[in-house]
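Enquirer: My questions will all concern the structure given below.
The values are calculated or read from the model by the stated rules, or taken from the named source; none is laboratory data. Computed from a prediction, not measured in an experiment: that's the story for all the values here. In this analysis, Cβ positions are derived from the backbone assuming ideal geometry, glycine residues included, and neighbour counts consider all displayed protein chains. With ligands, DNA and RNA removed, areas are computed over all heavy atoms of the protein, side chains included. Shrake-Rupley method; radii C 1.70, N 1.55, O 1.52, S 1.80 Å.
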Amino acid sequence: MSDVAEMANVSLATVDRVLNRRKGVRSRTVERVLRAALDLGYMDAAELERLQHPRPPNIAFLIPMGGNPYFRLLGEKLKEIAQTTSRDQTQVRCFFIESFNAAALAAAVRHHAKWADGIAFMAIDHPLVREAVEELGAAGCRIVTIVSDLQHPAREAYIGLDNQTAGRTAAYLLGRFCRSDTGSVALVAGSRNYRAHAEREMGFLGLLEEEYPNLRIVGIREGRDDRDQNYRHTISLLEQNPDLVGIYNVGGSSDGIARALREKEKSEEVVFIGHGLTPDTRRLLIEGSMDAVINSDPDAIIEAVLRLLGKPRDENAAGPTSVKMETIFRENIPQFSRPKD
């Protein structure tokens, strides 16, 4: 490659970037390197034609790490896609980053934009994240939020549930399922720094007030999608509120809540609604510890992101893209397909 670098009057690193179709090389420099490589017999005409075509985009997904089974499932599906794509297809990478940490998310967005043409991530509504989005949007990196949105003009699209509608649906189900029209109801959230959780809470409280005014909200606890914290919150709620008739888990790790309900022998008395169909929530539905799961298919989210970022920006209509909301009970659980090893 040194002969190519010398003829094109560029560094070896630049030649490597051009031949491997990496970002950060001007189009005129790319053409000069390719022409030198052809003239020196480093490649044939067919390879030159392939490299002259715009390369498929690089897309990075940034997923919160931790105990949330839904995000683990999403990550497994993305890993499978990344392992099965060829060099002439859209390149997908998935990275797990610290949950509930705006500084870590902002740093990760900046770091992975060095490789990625587009980044999809669950947004934290925080000035540090908004500033990173502003900076990368101005530099041409395409930004898509998934599951939880961020209101910023540089964000090209949001792909996920209408979270306020999801919260209202949860309240409607809980109110209809309760055996009494009076009693106390509790919410458990991951963190209200996620707009999704705040919007679900808003929708839930709004419909409950409208349709079931005799159900009393007694607690909004933040469990940070940790099963042990969710367990402790639920034990405390049960001990402090003997009239507890319902729990809505706005976030993940529902198994901690179900464990507390089983230990206190309250699974039959307390209506439990949550989010995300995963192996653990399937089990909870089947055994009767959980009454309903509000789900957004992770495959549908991934496909929507890849479809959006796989096309040039001017071919897409920016803005929210809602995915289908599924309401799943014990009797309509879909078949579960595990990602391949």
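Enquirer: Share of the stretch 81-170's accessible area from carbon and sulfur, percent, 1.4 Å?
Expert: 50 percent
Enquirer: Taking 4 °C and 1.567 mPa s as the conditions, I'd like the Stokes-Einstein D for the stretch 149-232 in µm²/s, using the Kirkwood hydrodynamic radius from alpha carbon pairs.
Expert: 93 µm²/s
Enquirer: Could you compute how fast the chain diffuses translationally, taking Rh as the Kirkwood radius over C-alpha pairs and applying Stokes-Einstein at 10 °C with viscosity 1.306 mPa s? Give it in µm² per second.
Expert: Taking Rh from Cα pairs, D becomes 72 µm²/s.
Enquirer: For the stretch 1-99, what is the accessible area per residue in Å² when the probe is 1.4 Å?
Expert: I get 56 Å² per residue for this part.
Enquirer: Just the number, please: carbon plus sulfur as a percent of the accessible area of the stretch 186-309, 1.4 Å probe, no ligands or DNA/RNA counted.
Expert: Result for the stretch 186-309: 42 percent of the exposed heavy-atom area is carbon or sulfur.
Enquirer: Within the P(r) computed for the stretch 215-278, what percentage of the Cα pairs occupies the region above 16 Å?
Expert: Beyond 16 Å sits 37 percent of the P(r) for the stretch 215-278.
Enquirer: Loop by DSSP (not H, G, I, E, B), at most 14 other beta-carbon atoms within 10 Å: where is the longest site-free stretch of the chain for GluC sites (Glu not before Pro)?
Expert: Between exposed loop sites, the widest span is 99-264.
Enquirer: Then there is this: From zero up to wherever the largest Cα-Cα distance of the stretch 75-196 sits, split into 5 Å bins and tell me the percent of pairs in each.
Expert: 2, 10, 17, 19, 16, 12, 9, 6, 5, 3, 2, 0, 0
Enquirer: Binned at 5 Å from 0, what are the whole-percent values of the Cα-Cα distance distribution for the stretch 184-321, short to long?
Expert: Histogramming the stretch 184-321 at 5 Å steps yields 2, 10, 18, 20, 18, 12, 7, 5, 4, 2, 1, 0 percent.
Enquirer: So in the chain, what percent of DSSP beta bridges are antiparallel if you round to the nearest 5?
Expert: 5 percent
Enquirer: Then there's this: Report the dimensions of the stretch 1-79 along its three principal axes from the alpha-carbon atoms, largest first, rounded to Å.
Expert: Ordered largest first, the stretch 1-79 gives principal extents of 54, 24, 18 Å.
Enquirer: Continuing with this model, one more query. Compute the Kirkwood hydrodynamic radius of the stretch 255-327, taking the inverse of the mean of 1/r over all pairs of distinct Cα atoms, and give it in Å to one decimal.
Expert: Result for the stretch 255-327 stands at 14.5 Å.
Enquirer: Something else: Give me the accessible area per residue for the stretch 130-265, probe 1.4 Å, as a whole number in Å².
Expert: Per-residue accessible area for the stretch 130-265 comes out at 41 Å².
Enquirer: Given the convex hull over the Cα atoms of the stretch 143-193, what projected area results after averaging over all orientations, in nm²?
Expert: Seen from a random direction, the Cα hull of the stretch 143-193 projects 4.6 nm² on average.
Enquirer: Taking 20 °C and 1.002 mPa s as the conditions, I'd like the Stokes-Einstein D for the stretch 83-149 in µm²/s, using the Kirkwood hydrodynamic radius from alpha carbon pairs.
Expert: Result for D is 171 µm²/s.
Enquirer: To continue, here is another question. Rg to Rh ratio, the stretch 35-118, alpha-carbon atoms and Kirkwood radius?
Expert: 1.16
Enquirer: Whole angstrom only: what separates the Cα centroid of the stretch 179-244 from the Cα centroid of the stretch 109-165?
Expert: 29 Å
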